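What follows is a structure written as structure tokens; I'll ask about it next.
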Amino acid sequence: MLETSPQQAVFLVSAAASSGSYASASKHKVQPLCGNSEGWGPLSPIRFDFTPCFLDVWIATVAVYGIIFGSGAIWYLMQRQKPHPIKKNWHFYTKLVVIAFIFACSVAQAGLQVTYYPDIWFGDFRFWTTIINIISLAVIFDVQYLEHRRSRVPNGVVLFYWLLFLIAHGVKLRSLIAQDLWVTHLPYFIVFCAVMALAVAEFLLEWLVPKQATGYEALVDEIECPYNYADVFSVLSFAWMTPTMKYGYKNYLTQDDLWDLRKRDTTRTTFCLFEDAWEHELQRKKPNLWFAIFRAYGAPFFRGAIFKSASDCLAFVQPQLLRLLITFVESYRSKDPQPVARGAAIAIAMFAVSVSQTVCLHQYFQRAFETGMRVKSGLTAAIYQKSMRLSSEGRANKSTGDIVNHMAVDTQRLQDLSQYGQQLWSAPFQIILCMVSLYQLVGLSMLAGVGAMVLMIPVNWLVARIMKALQKKQMVNKDARTRLMTEILNNMKSIKLYAWTTAFMKKLHVIRNDRELVTLRKIGASQAFANFLWSSTPFLVSCSTFMVFVLTRKDTLTTDIVFPALTLFNLLTFPLVMLPMVITAVIEASVAVERLSAYLLGEELQRDAVVIKPAAETDGDESVRITDGSFSWNKFEENNVLENINFIARKGELSCVVGRVGAGKSSFLEAILGDLFKVKGYVLVRGSVAYVAQSAWVMNASVKENIVFGHRWDPHFYDRTVKACALADDFASLPDGDETEVGERGISLSGGQRARVTLARAVYARADVYLLDDVLSAVDGHVGRHLINNVLGPNGLLATKTRILATNSIPVLAESKYIIQLKEGVIAEEGTYDKLVAIKGGAIANLVRTANNEDQEQRGDDQGHENGNASPDEKTLSQAGTEADSDEREEFEETHEDITDLPPIRPAQLNSTRRKTSTATLRRASTASFKGPRGKLMDEEENSHKTRQSKETSEQGKVKWSVYGEYAKTANVPAVIVYLVALFAAQTAQVGGSVWLKEWSEANERAGGNPDVAKWLLGYFAFGIGSAALVVVQTLILWIFCSIEAARKLHERMAVAIFRSPMSFFETTPSGRILNRFSSDIYKVDEVLARTFNMLFVNSGRALFTLAVISASTPIFMLLIIPLALIYLYIQRYYLRTSRELKRLDSVSRSPIFAHFQESLSGISTIRAYRQTQRFSRENEWRVDANLRAYFPSINANRWLAVRLEFIGSVIILSSAGFAIVSVSTGSGLSAGLVGLAMSYALQITQSLNWIVRQTVEVETNIVSVERVLEYSRLPSEAPEINPKNRPPISWPARGAVSFNGYGTRYRAGLDLVLKDITLSIKPKEKIGVVGRTGAGKSSLTLALFRLIEPAEGQIDIDDINTSNIGLMDLRRRLAIIPQDAALFEGTVRDNLDPGYVHDDTELWSVLEHARLKDHVTSMSGGLDAKVNEGGSNLSQGQRQLVSLARALLTPSNILVLDEATAAVDVQTDSLLQETLRSSAFNDRTIITIAHRINTILDSDRIIVLEKGRVAEFDTPQALLKTEGLFYKLAKEAGLTGESSGSDQKTVL
């Protein structure tokens, strides 16, 4: 400290004596309102302290805060918070008593002040401060009284009041002690100390003692989000997350450990906000999605902006404080050093600013991320709801993959923008603040820096435009790959049967390697160039500024200018780097908004397409009426699919719609549903509708859930439904009965079972009108007869209902009341059965005659096995139909507002209310109250079911190092090493530039001017540009040689593994889950992982260099490094464990959202027909909420960590400043340059430390994608495609002999055998029929022949070669098949017939002619290159089956397997096809026909009858009929023996 002379000492003592102390007053006021001789100050002239009057300014400020904000708190508590019945306990009374004592002491203080300041107290600020303080205490008393019953947490205003009260009084107490007030004015000192002590007690009581909870709060405490009951300090420091972090550190978190969402974060709430805003936009001429998003979610976002601007301003206070610190250090080289207290104050101010900045920044981040989360969940729900309303033209250009991409990619882009979008205004704001600060430092020289930045703007803009174009291109590539992958997964069975894996692998490789990765390389190169611009900009700015400064000004460029300027330039780096990234994000988001706007504005169903009225009451009443109706699939095209339709259906009658393939039968039903665009006419439907689509749509749930379908549980009627739909035997044979999980797209059920489950769903719904699309085609003949007798016929369960059946089945026509025949979209014939049969030469009369006369050939149309996507006839429901009827709406409103509801399919809900309708009618099924998602009810039985789908695995714990090793290997190890060297060199060059500046400024100080300007400038420039160039090298190497290489290899390995996986994998794994790996995980490997690794390494390098620089300036700092590093690692480990599990839970809970969405999209007609869109939307919301329950804690865990780490950063700032102050004040001679260098780096370390942990987690999170990709790369594979040691001859199978020797097989390990001990021999060129009841193993025989399932015992020989010994491709390519499911792909007709492009046009036209498709293909625009939509949706079901036949004709095999090949075609087409199959082209082939219907195989040479997986009979048809065994029974049931089957007659309820 400074020595004082005797004269000075005398003066100070006398001055002190005359002024007295805080409590003294002078009659001669020196300054207004201050009766103390020291005046307002703020600093005292006689000691290093504030003046007495200025001390009370702080206390008055706190009191004013208490009055204003306390009044606001009182208003809020009275108006917005409801009182709760909480008892007044000791805590309540103690707080009020303590505050009353403080009040009393303050009154005593005022009284003492009146006595101490006689004559002048009325005009003294110190007295009025005490009065204001008393008023504020009264206001705070009121708040604390009210909050007891009206708030669950201590009021934030009160907590801050007491904290600030203590700080202000603490500063004053320190001053009073320094003035020895206890000697001169003891009473005042005692009262003041009492106030302090009581205030401490009050603060602790308010903050730390928990409030008494209500009974309700005590109940919900476990699952409620802790944010709801966190106090303001806990919110600011994220301490409310600590219990979760602790729990996650000790245990692996599971979904059950997560708390519920806050009500404002639930998808229901966010969707309602968006819906209101979007409705408001739709009133405008040009609806704007941006405005809707801002209106719905803008408020918290803008509150975040306030925090952000505070944080930005605080960031620019630091360079000013640094300048003061350098001046302080510099003063020790002069004769007049500044007091140490000043240095300490500067260090504490730097620490306080740093902590405040942290708090503000993370409150902003919290709001930004929450907004992002709400935007995503609200839009996800909106996309789902919109998909339920899209019309056929709205869906026309949108494949399922496209719509799923809206949900997966576009919403994610908007979420990303919400998180960082504020940088759009914040970055320019920071740049302006920076420029203002620079102006103070270097004057107009800073304009040179501004100029350099302005020059960079157009260059940056150009780069951003290039990158936008590339991003757009990449989105198209991604969509194409996702679409192709979706189709491959949906049709994997067909791809394997046709041995098309190579062809589709090639298709995938073309999109991936030749399009997607090429674009990615270009993105990488433009990214490198952009990085060069961003990293060189701050250097150019500082270089040009310093250059202009030294050339134009006479001032010396010294350390107190250089280092604050350098700190400012470092601060400038962040907005400059962020701005282009945010611009890119804005561009990506604007592309997403364009896409989403187009989707949300897409054509919806006609609201007036169908008029819905109450149900008809008595039999014979009109239920459905179409008057003069013309309908089209696309309102923008003129070709109508149905013209001039007039039709009436009545209650209690069965009406049949017949016609050839493509005549418009399915379209007719969809017109009644309102799915087609009504060009003209009138459609009336009375009552509720049940619809059975031609392609049976089943949900990935249990069979029971599929049948009950959200209606109330009624066990009695359920049993009747099951028996009527002939499902009882199936349930007995299914592994878990009706609890059997059907798998995705009903994969574990046979075609007939799927058809009957969907029929049972319709029957159970007890609707008024039934629309049945070809329900008999997929079932066996005898089952068809059972369904006619028990469900459809005059004595069936639905006898009192209106039934409209589109069919190719002849037997059912006799049971119908009315028949219409469609021809090319027009009604050709109509009337009763007897009337139409009597018309000579009539189409229907001919049909019936043909069917009766030629049983062996032409009754082939009443079944067939349909699966796959819907016909063009499956798209949409009229708005009128989307509303639940009044009964259902009442039930709906019973449900909780927030709870998402889905059907509880438990026998518990027996008490469903009966509905009063006509006595002859089944009561309507009412919708069950939602209780959560499907399947959730069954958790406790999870392990008891054999058919449960495999759960998505989620590795627990740390990602294994082997995964990193594997990634490094695929990423090219030498390139990784070169990258690390470039990175280290770039960092060294950056630090070199700063050291060079230090030397330069110190040289200037020594010289007292600016000598050798050229040398110093060129050196600095070289360091800057060198560093930027090395950044380019590192980016290029990382992207082009490491990241893209790894992405290519990993995708290829996974794709190969998926193609080579056995069918059992696809049966137990939802395609949404596989698709998730190919979309979201591959995206991370492609684009995110390299970026996160780069940021991790860059920031780690930066932090190490910073610590080295600080240690070099003040070696004592090294002592702190170890304890700080240990705390840092401890926090990091604490965080990593919890965060890792939260991220994994987030990842695993995302797949079900997409799986459910895809499932809903494929069954949209059914969902709309049953008017269940609300229920499915609620389930979607529930699934999104389940995902958010993991996502919300995971973003807050990031904030929790950042606040703690940045606090360590603040400690580093405090300690490096503190050590520098101690060092210079003890005479170490530390140079100001070194302190400036060290501090300018210390100020950056907070950011680096934060980023290191954030990026460590990001790397861990994203490396999980590599782990998941690698997991699928190692899937168990099928047998090899080619066995080089055992290849069959080229002509094999030349004869076509097939023999099964003791053959047995199962679908997958752990299940029972489906075929047992099959021994039989099929001679060359023999025609074999295979029959049996549903589930007997007919289709399994096909799968066994093609080795889609491998033998568990025995073998199959073809031409004496054991098929198990040869490669799968050799086997499958040499066999021809027409499978049950006609799988068509998006592309051209040519692609669908010959994806490998091995046949020429002549061959293709020839097979199309044989398959009776040539005319249709010729009429399509483009011929062989005509477009086929996704799933073949622009062809009818029958036409798709014909494409399958054409494929089989292309395969030159001597063995042909027909798996119910002509199920979905009309009688005439079937007749022509049967002729084709019996023509000379097929004479030399062995034909094995799997038949549901006996009549199609009566002309076979021999027939195999299967029963429960065994061969029950095997002989010629004649011999089998004579023995009167199983085959005879089946023939009798199908009505082929001339005897009646005598089925049970069902009575009608």
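Please list, ordered by chain and number, the residues whose modelled amide H lies under 5 Å from the amide H of residue 1513; skip anything fewer than 5 residues away on the same chain.
So residue 1513 has HN proximity to 1505.
Here's something else I'd like to know. Principal axis lengths of the stretch 683-749 from Cα atoms, whole Å, largest first?
Principal-axis extents of the stretch 683-749 (Cα, largest first): 44, 28, 20 Å.
Turning to a different aspect of this structure: Per the 1.4 Å probe, what fraction of the accessible area of the stretch 623-732, in percent, lies on carbon and sulfur atoms?
On the stretch 623-732, the fraction of accessible area on carbon and sulfur atoms equals 46 percent.
To continue, here is another question. Quick check: the angle from helix 6-19's long axis to the longest principal axis of the chain, C-alpha only, nearest 10 degrees?
It works out to around 70 degrees.
Could you give the alpha-carbon Rg of the stretch 766-809 over 2.2 N^0.38 Å, rounded to two decimals?
1.09
Using modelled backbone amide H atoms (1.01 Å from N, in-plane), which distant-in-sequence or interchain residues come within less than 5 Å of residue 642's amide H?
631
Tell me the accessible surface of residue 97 in square angstrom (1.4 angstrom probe, heavy atoms of protein chains only), to the nearest ten.
80
What length, rounded to one decimal in nm, is gained on full extension from residue 286 through to residue 553, with 0.36 nm per residue of separation minus their alpha-carbon distance?
So the extension gain works out to 90.5 nm.
Mind sorting out which of [x] 122, 69, 26; [y] 102, 74, 34; [z] 77, 39, 27 is the real semi-axes √(5λ) of the Cα gyration tensor in Å computed from the coordinates?
Of the listed options [x] 122, 69, 26; [y] 102, 74, 34; [z] 77, 39, 27, [z] comes from this structure.
Another one. Lysines near residue 635 by alpha-carbon distance under 25 Å, same-chain residues fewer than 8 away left out - which ones?
Once the sequence-local lysines are set aside, what remains near residue 635 is 285, 286, 386, 398, 665, 678, 680, 823, 875, 1427.
I've got another one for you. What angle, in degrees between 0 and 90 and rounded to the nearest 10, separates the Cα long axis of helix 751-765 from the longest principal axis of the Cα atoms of the chain?
Tilt of helix 751-765: around 70 degrees.
Kindly report, to the nearest 10 Å², the accessible surface of residue 1157 as traced by a 1.4 Å probe over protein heavy atoms only.
Near enough 0 Å² of accessible area.
What is the chain's relative contact order, in percent, from Cα pairs under 8 angstrom and six or more apart in sequence?
Once normalised by length, the contact order is 12 percent.
Accessible surface of residue 53 in the full protein assembly, 1.4 angstrom probe, to the nearest 10 Å²?
0
Picking from 977, 489, 1229, whose Cα lies most toward the positive end of the charge dipole for the chain (charges on Cβ: Lys, Arg +1; Asp, Glu -1)?
Comparing the listed Cα positions along the dipole, 1229 ranks first.
Within the stretch 1392-1441, what whole-number % of the accessible surface is contributed by carbon and sulfur, with the 1.4 Å probe and all protein chains included in the calculation?
50
Another question, then. Kirkwood-based Rg over Rh for the stretch 585-636 (C-alpha set), two decimals?
1.31
Just in the stretch 1262-1358: which trypsin sites (Lys or Arg not before Pro) are loop by DSSP and have at most 11 other Cβ atoms within 10 Å?
Here the trypsin sites (Lys or Arg not before Pro) that fit, given the DSSP loop and packing criteria, are 1274, 1285.
With axes computed from alpha carbons, what is the tilt in degrees of helix 1013-1036 against the longest principal axis of the chain, rounded to the nearest 10 within 0 to 90?
20
Let me ask something else about it. Near the amide H of residue 623, under 5 Å away, which other amide H atoms are found, from residues 5 or more places off or on another chain, if H is placed in the peptide plane?
649, 650, 651
Can you give the calculated 222 nm mean residue ellipticity of the chain, where each DSSP H run of n ≥ 4 adds -39,500 (n - 2.57) and the sum is split over every residue, rounded to the nearest 500 deg cm²/dmol?
-19000 deg cm²/dmol
Under a crude label model (7 Å from the Cα following the beta-carbon direction), how far is residue 824 from residue 1279 in nanometres?
The two pseudo-label positions are separated by 5.2 nm.
Moving on to the next point. Carbon and sulfur atoms: what percent of the 1.4 Å accessible area of the stretch 41-139 do they account for?
75
Follow-up. With just the Cα atoms defining each centre, how far is the stretch 359-392 from the stretch 621-646? Give it in Å.
Answer, in whole Å: 40.
Now a separate question. Taking the alpha-carbon centroid of each part, what is the distance from the stretch 1401-1427 to the stretch 526-583 in angstrom?
After rounding, the separation between the Cα centres reads 68 Å.
Okay, moving on. Measure up 478/960; 613/651; 473/507 against 20 Å on the Cα-Cα distance and list the ones that go over.
With Cα atoms farther than 20 Å apart: 478/960.
Still on this structure, please answer the following. Antiparallel DSSP bridges in the chain: what percent, to the nearest 5?
55
Among rounded, prolate and oblate, which fits the stretch 240-320 when a ≥ b ≥ c are the square roots of the eigenvalues of its C-alpha gyration tensor, a/c under 1.5 means rounded, and a/b larger than b/c means prolate?
Note, shape of the stretch 240-320 comes out oblate.
Just the accessible area per residue of the chain, please: how many Å² with a 1.4 Å probe?
38
Using Cα centres only, tell me the gap between the stretch 736-789 and the stretch 63-112 in whole Å.
Centre-to-centre (Cα) distance: 70 Å.
The values are calculated or read from the model by the stated rules, or taken from the named source; none is laboratory data. Just so it is clear, the structure is predicted and the values come from calculations on it, not from any experiment. When we count neighbours, we look across all protein chains shown, and the Cβ atoms used for this are built from the backbone with ideal geometry, even at glycine. When the accessible area is computed, the model is the full protein with side chains, heavy atoms only, and any ligands, DNA or RNA have been set aside. Shrake-Rupley method; radii C 1.70, N 1.55, O 1.52, S 1.80 Å.
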